[in-house]
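Q: So that we are looking at the same thing, I have put the structure below in structure tokens.
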Amino acid sequence: METTTAIVLAAGQGTRMKSAMPKVMHTISGLPIVHFVVQAALEAGCGEVVVVVGHARQLVEDYLRRAFPGERVRTAVQELQRGTGDAARVGLDAAGKQTARVLIVNGDAPLVRGEDLLAVVRPLDEPGSPAALSLATCLPDDPTGYGRVLRKGGKVVEIREQRDLRHEDERAVREINAGIYAAHVALVREALSTLVPNNAQGELYLTDVVAFASSAGEGISTVELAANVLAGVNDREQLAEVERTMAERIVCTWRRAGVTIRDGARVEAAVILEPDVIVESGAVLRGVTRIGRGATVDVGCVLTNVIVGEGAIVKPYSVAADSRIGARAQVGPFAHLRPDSDIGEEAHIGNFVEAKKTTMGRGAKANHLAYLGNGIIGEGANIGAGTIFCNYDGFQKHVPVIESGAFIGSDSQIVAPVTVGANAYVATGTTVTKVNKIKCVRSFTEVDTAPVGTA
Ligand code: UD1
Ligand code: CA
């Protein structure tokens with residue numbers, strides 16, 4: 001497959017989406033539609049993938065560069081969206097010289113997998129009677145809106161778009177063109193050069209390549225794929241339908257790998273779950289979240305780009321983003337971990353605790369009602385209820401340090417920058433302001449190192 005170039009058609013605006021964003025950038029299970037198509041082409045082993053971009057192309061280009069760095073995925077620009085045939089020509093012009101054959105794929109069908117694309121290419125290698133052109137078809141219950149595969153004596157002669165169908169017999173044809181084609185590069189090049197916009201939309205139709213191949217007497221193969229693999233996204237309803245199928249596919253894959261996912265949980269495509277993980281109803285796992293072996297994500301949690309260690313428990317209705325939760329740690333219920341929080345192994349974060357950019361050592365605890373901003377908390381430290389890290393003086397953020405084993409009594413304010421020393425004891429209601437290392441603070445009235453800030 002190295003000499004096969006995939007051309008992904010993704011330049012259209014997607015008028016039916018009624019959106020300022022190009023269609024292929026709308027997300028399915030957390031990733032843009034075009035991501036899945038490019039991924040499938042790479043999985044199929046294509047040597048290069050040329051994505052034809054046009055409408056709002058900067059967005060698509062930027063995304064592809066980030067998601068697929070390296071040589072194999074490139075973009076080509078179709079300045080004016082003059083139809084799928086024109087888009088294919090733009091893609092072909094950008095293909096490398098080594099290209100022997102092309103696999104052209106609509107960029108708006110995210111359920112397609114590498115194995116499906118391979119199945120479409122295979123007839124080109126059929127021993128004895130290799131096809132010159134192969135295309136994917138399917139038999140949906142309702143073919144309305146798709147291009148129909150028209151046959152004569154069983155042989156494919158043409159694809160006719162919905163708007164160009166001439167009579168009831170043609171409209172009754174259930175076999176549709178799925179928008180995936182494989183062919184030798186010479187045939188495609190020649191066919192594309194003959195295209196004319198003689199159709200209801202006044203566009204250059206890639207599908208006319210089929211009539212060209214047929215009248216040239218070339219062998220055309222069709223590969224029937226399941227309807228739910230080929231569904232294209234043209235409007236928001238189809239977006240929802242395709243996402244339902246994708247979501248089901250994702251949870252089935254993880255269930256087969258030994259994960260319990262209750263109904264009603266949502267797991268995005270880039271999430272990784274290890275065996276014996278339990279994901280309860282209403283939990284939403286987003287972005288590049290990874291849940292370690294045996295960990296539980298309880299009801300209603302929302303985790304975005306979070307790494308959860310083995311055996312950790314994230315209790316109901318906790319929200320975390322861009323953070324790490326260590327092995328066997330416990331977080332929640334109703335906890336909020338904001339970006340760059342790193343909760344150590346066996347540490348506890350209880351209800352109504354908010355952490356932001358805070359590192360918590362192994363076994364440290366903040367069990368109730370606290371704000372932990374920009375902090376460094378040592379192993380085994382105990383942060384009492386109502387503690388606030390005053391990390392912001394109105395101008396800058398500062399770092400409060402609580403060394404290992406320190407005890408912070410309830411309702412204390414730790415005014416950063418400040419370091420509370422290892423095993424220090426801060427009594428309840430203290431406002432700690434001194435930069436000096438505090439060894440032991442019995443209560444705020446006794447302390448000269450910690451001026452009282454309370455009224
Ligand atoms: C197309 C097929 C139709 C098939 C259906 C399968 C044609 C003429 N019709 O119809 O036979 O049943 O797919 O889903 O090909 N695009 C460009 N540049 C353009 C126009 C489109 O890059 O100038 C891209 C779009 O971004 C999209 C893809 O090509 O990803 C398909 O275009 P779309 O307008 O969705 O074609 P359909 O009407 O769905
Ligand atoms: Ca389409």
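Any read-out appearing in this document is the output of simple, stated calculations on the displayed coordinates, not a laboratory observation. Keep in mind the model is a prediction, meaning the values are calculated, not measured. Cβ placement follows ideal geometry from the backbone for every residue including glycine, while neighbour counts extend to all protein chains displayed.
Q: What number, in percent, do you get for the relative contact order of the range 322-384 if the mean sequence gap of Cα pairs under 8 Å and at least 6 apart is divided by its residue count? Can you show the working numbers first?
A: On the way: 197 pairs, mean separation 17.3, N = 63.
For the range 322-384, the relative contact order is 27 percent.
Q: Restricting attention to the alpha-carbon atoms of the range 14-171, what are Rg (one decimal) and Dmax (integer), both in Å?
A: Here Rg and the maximum Cα pair distance are 16.9, 50 Å.
Q: Identify the GluC sites (Glu not before Pro) of the range 66-165 meeting these criteria: DSSP loop state and at most 15 other C-beta atoms within 10 Å of the C-beta.
A: Details: sites: E71, E79, E115, E158, E161; in loops: E71, E79, E161.
Those that pass, being in a loop and sparsely packed, are E71, E79.
Q: To check you understand DSSP bridge types, tell me what percent of the beta bridges within the chain (both residues inside) are antiparallel, rounded to 5. Kindly include the intermediate steps, with their values, before the conclusion.
A: Numbers: 19 of 102 bridges.
Here the antiparallel bridges make up roughly 20 percent for the chain.
Q: Relative to the compact globular guide of 2.2 N^0.38 Å, what is the alpha carbon radius of gyration of the range 267-414, as a ratio? If you can, show how the numbers build up before the last one.
A: Working: Rg = 14.5 Å, N = 148, 2.2 N^0.38 = 14.7 Å.
Scaled against compact globular proteins, the figure is 0.99.
Q: What's the local net charge at N198, with K and R +1, D and E -1, over the other residues with C-beta under 15 Å away?
A: Details: positive: R82, R160, R163, R166; negative: D86, E158, E161, D164, E203, D208.
Its environment carries a net charge of -2.
Q: Another one. Do you know the relative contact order of the range 23-101, to the nearest whole percent, from alpha carbon pairs under 8 angstrom that are 6+ apart?
A: Details: 73 pairs, mean separation 21.6, N = 79.
Relative contact order comes out at 27 percent.
Q: Using 0.36 nm per residue, how much length does the chain from F352 to N423 gain when fully extended, once their Cα-Cα distance is taken away?
A: Numbers: separation 71, 0.36 × 71 = 25.56 nm, distance 2.51 nm.
Fully extending the segment from F352 to N423 adds 23.0 nm.
Q: Same structure again: Between 0 and 90 degrees, rounded to the nearest ten: what's the tilt of helix 84-94 against the longest Cα principal axis of the chain?
A: 70 degrees
Q: Work out the length of the dipole vector of the chain about its Cα centre, built from +1 on the beta-carbon of each Lys and Arg and -1 on the beta-carbon of each Asp and Glu, and round it to the nearest 20 debye. Walk me through the numbers on the way to the answer.
A: On the way: 47 positive and 52 negative charges, 148 e Å.
With Lys and Arg at +1 and Asp and Glu at -1, about 700 debye.
Q: Next question. Using the Cα gyration tensor of the range 20-65, with a ≥ b ≥ c the square roots of its eigenvalues, what is the shape: rounded (a/c below 1.5), prolate (a/b larger than b/c) or oblate (neither)? Provide the component values of the computation, followed by the final result.
A: Working: a/c = 2.58, a/b = 1.44, b/c = 1.80.
In terms of gyration-tensor shape, oblate.
Q: Now a separate question. Could you tell me which of rounded, prolate or oblate describes the chain, using a ≥ b ≥ c as the square roots of the eigenvalues of the alpha-carbon gyration tensor, with rounded for a/c under 1.5 and, failing that, prolate when a/b is larger than b/c and oblate otherwise? Kindly include the intermediate steps, with their values, before the conclusion.
A: Details: a/c = 3.34, a/b = 2.90, b/c = 1.15.
Prolate shape, in that a/c is at least 1.5 and a/b is the bigger ratio.
Q: Which value results when the Cα radius of gyration for the range 240-348 is divided by 2.2 N^0.38 Å? Each step should come with its number before you reach the end.
A: Working: Rg = 12.7 Å, N = 109, 2.2 N^0.38 = 13.1 Å.
Against the compact-globule rule of thumb, the ratio is 0.97.
Q: Considering only the other residues whose Cβ falls under 11 Å of the Cβ of I28, what net charge follows from Lys and Arg at +1 and Asp and Glu at -1?
A: Numbers: positive: R244, R249; negative: D108, E241, E243, E268.
Charge balance in the 11 Å sphere: -2.
Q: Also: For the chain, find the longest principal axis of its Cα atoms and tell me its angle to the long axis of helix 236-256, 0 to 90°, nearest 10.
A: It works out to around 70 degrees.
Q: Kindly identify the range 19-107 as rounded, prolate or oblate by the Cα gyration tensor criterion: order the square roots of the eigenvalues as a ≥ b ≥ c, call it rounded if a/c is under 1.5, otherwise compare a/b with b/c, prolate if a/b is larger, else oblate. Display every interim value, and only then the final one.
A: On the way: a/c = 1.72, a/b = 1.18, b/c = 1.46.
Judged from the Cα gyration tensor, the range 19-107 comes out oblate (a/c at least 1.5, b/c at or above a/b).
Q: Placing unit charges on C-beta atoms (Lys and Arg positive, Asp and Glu negative, everything else neutral), compute the dipole magnitude of the range 207-285 about its Cα centre in debye, rounded to 20. Walk me through the numbers before you get to the answer.
A: On the way: 7 positive and 13 negative charges, 50 e Å.
Roughly 240 debye for the range 207-285.
Q: For the range 142-297, what is the percent of antiparallel DSSP beta bridges, rounded to the nearest 5? Let's see the in-between values first.
A: Working: 6 of 14 bridges.
Within the range 142-297, antiparallel bridges account for around 45 percent of the total.
Q: Over the chain, what is the mean sequence separation of C-alpha contacts under 8 Å (at least six apart), divided by residue count, expressed as relative contact order in percent?
A: About 8 percent, as a whole number.
Q: Reachable lysines from K397, Cα under 29 Å, same-chain residues fewer than 8 places away excluded?
A: K356, K357, K365, K434, K437, K439
Q: Let me check I've understood the local charge: for A329, count other residues with C-beta under 15 angstrom from its C-beta, Lys and Arg +1, Asp and Glu -1. What total comes out? Each step should come with its number before you reach the end.
A: Numbers: positive: R290, R293, K315, R324, R328, R362, K365; negative: D298, E310, D342, E345, E346, E379.
That sum, taken over residues with Cβ under 15 Å, equals +1.
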